[in-house]
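Asker: Got a structure for you, written out below as structure tokens; questions coming shortly.
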Amino acid sequence: MLLIRWTSILVIILHSKEASFGFYLRDELQCAPIDKTIPGTAVPNHIMGELCLKCLCKEMGCQQFIGRCHGDDVPESPKICGPYRIMPDYYIDCSYGTRLGYEACSQQLTCSERCIHSYMKRYANPCDSSRDITCEDYIRYHLGGPRGCNNTHDDFNQARIDSVLSCVAEGGPPMVTTTEPPPPSTDCPKRENPENGKVMVKCLNDGCKLRYKCNKCHAPVGKPTKQTCIKGVGWSGDPVTCERLSCKLLQPTGAKEAFIISINNVPHEGNKVEFGKCGDVVRFDCPKGQHVVENDINKRECDKKGIWKPSGIPSCTSTITK
């Protein structure tokens, strides 16, 4: 099964410059240099050298992609997440087993590095059997999957590999200072229930997950309604509010249309309803000697999606049906 997954990925790489690794490795965003003291790069019991790992992180984008995923809005492109641009199949193959799952783990620096080390323990071998495994070998496996020694010799991947090796030869990414605002709190701030709704939160060792749910006749304002809190990153979205749904203007204008007589059984003056709240029932009547046409009813209800049902204004007729 592993070979099937990676084979399908490689086919996409060869046939589309906008998919799979071929998509996110061609990202032209400039890589921000990372501080050598960035937490999470020294992973216990790792087999990949720290310097090689840091330079790989720099090449893949590193800090600018922490807490971020891309690919959902690109046709035929799989999702890619985090500082090392990890894909779902890569995460499955690394078998790290974090309870946060693919997106939360791959967006987090420490968790994604543990995934990489586990992946290398599973697959990596020297690309040349006459020598020990090298940083270049590890990079080829990261870029090309279980058969990375064979399928990463195209110009694009080779340029990436050369860039990582050049970084290693120079002693790693330079230390820099930045004036950018600090990242969100490493804690998971408590989220209160929104008015007319509730928030359900579940926390594990690696972070928390939440989901907002609005009451009947209310809809969420702000997205996403499902969020994660990753240690070192914070919540993946802003608090969500719940607003009562409303239906648009309801106003009879035609000569053969019925007129409004009540809203929720309360007599109504004026022949229009500016907006209706979810659950409102508007009743109509026809001029003397007329009645609502057959197959229609004399009321309209604002449903839980903010739509008048049935649609339109009831029509009147003086025709007597047999």
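Any read-out appearing in this document is the output of simple, stated calculations on the displayed coordinates, not a laboratory observation. Quantities reported herein were computed from a predicted structural model and do not represent experimental measurements. For neighbour counting, all protein chains shown are included, and Cβ atoms are generated from backbone atoms with ideal geometry for every residue, glycine included.
Asker: Viscosity 0.692 mPa s, temperature 37 °C: give me the Stokes-Einstein translational D for segment 197-244 in µm²/s, with Rh taken as the Kirkwood radius over C-alpha pairs.
Answerer: This corresponds to a translational diffusion coefficient of 293 µm²/s.
Asker: What is the distance, in nm, between label points placed 7 Å from the Cα along the Cα-to-Cβ direction at Gln158 and at Thr241?
Answerer: According to this spin-label approximation, the distance is 5.8 nm.
Asker: Let me ask something else about it. Want the number for Lys226 to Lys248: 0.36 nm per residue separation, take away the alpha-carbon distance, what's left? Numbers along the way, then the final one.
Answerer: Details: separation 22, 0.36 × 22 = 7.92 nm, distance 2.87 nm.
Contour length minus the Cα-Cα distance gives 5.1 nm.
Asker: Going highest first, how would you order 143-156, 282-295, 264-277 by mean Cβ packing within 10 Å?
Answerer: Descending mean neighbour count gives 143-156, 282-295, 264-277.
Asker: Right, here's the next one. Say a paramagnetic label sat at a point 7 Å from the Cα of Lys256, along Cα to Cβ; which residues of segment 290-309 have their backbone N under 15 Å from it?
Answerer: 290-296
Asker: A further question follows. Could you tell me the largest-minus-smallest coordinate of the C-alpha atoms of segment 246-317 on each of the three principal axes, in descending order and whole angstroms?
Answerer: Reported extents, whole Å, longest axis first: 34, 26, 20.
Asker: Can you tally the net charge around Asn196? Count Lys and Arg as +1, Asp and Glu as -1, for every other residue whose Cβ sits under 14 Å from the Cβ of Asn196.
Answerer: Combined, the nearby Lys, Arg, Asp and Glu give +3.
Asker: Below 11 angstrom from the Cβ of Ile307, what's the summed charge of the other residues (Lys, Arg +1; Asp, Glu -1)?
Answerer: +3
Asker: Quick one: net charge of Asp162's neighbours, Cβ under 11 Å, K/R +1, D/E -1?
Answerer: Here the charged neighbours net out to -2.
Asker: For an R0 of 45 angstrom, estimate the FRET efficiency from the Cβ-Cβ distance between Thr319 and Lys277 and round to the nearest 0.05.
Answerer: 0.80
Asker: Continuing with this model, one more query. So which of Lys198/Lys248; Lys121/Lys190; Lys202/Lys248; Lys209/Lys277; Lys79/Lys305; Lys213/Lys248 end up more than 29 Å apart by C-alpha?
Answerer: From the list (Lys198/Lys248; Lys121/Lys190; Lys202/Lys248; Lys209/Lys277; Lys79/Lys305; Lys213/Lys248), the Cα-Cα distance tops 29 Å for Lys121/Lys190; Lys202/Lys248; Lys209/Lys277; Lys79/Lys305.
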